[in-house]
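Take a look at the structure set out below.
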Amino acid sequence: LLRLYKHEKYIMAYENERVKIVLRSDATEHECLKAFLQADDFWRRYKERGGVRSERNRDLLEESYRYTKRNFQPFLHEAHAQGWVTTAVLLRPIGRRVAWGSMLKPHAKKSS
């Protein structure tokens, strides 16, 4: 999953009949919205296939990720054109977040 999401600030997985999204600590409101757009597309595809599990549904994760990469910017544009505010996403703002990738690199210490 880390390879699939290496340029994102979220990771999505499907496990135990639940879609799970983990946000990186620096994820913005738009990145939260992008993750939920992917979750919605994943769930739609999952139901269309009759809810059949296959290796944690990696194929559906990849398909929904590609869909989201293609359609997120047009989705935002259309939402703005119709007057939606996308900068105040209330998706568990107090939820847990994690760090990975460049976020784990130690910061240079300041000398006093």
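The values are calculated or read from the model by the stated rules, or taken from the named source; none is laboratory data. If you're wondering where the values come from, they're calculated on a predicted model, not measured in any experiment. FYI the Cβ positions are ideal-geometry reconstructions off the backbone, even for glycines, and counts take in every protein chain you see. Protein only, heavy atoms only, side chains kept; ligands, DNA and RNA dropped before computing areas. Shrake-Rupley method; radii C 1.70, N 1.55, O 1.52, S 1.80 Å.
Numbers for the structure displayed
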item: Spin-label model distance (nm) - Q73 vs R3, 7 Å beyond Cα toward Cβ; result: 2.6 nm
item: Whole-number accessible area per residue in Å² for the stretch 1-86, which is evaluated in the context of all protein chains at 1.4 Å; result: 64 Å²
item: Separation in nanometres of the label points that stand 7 Å from Cα toward Cβ, at R44 and Q82; result: 1.2 nm
item: Pair K20, R66: separation of 7 Å Cα→Cβ label points (nm); result: 2.6 nm
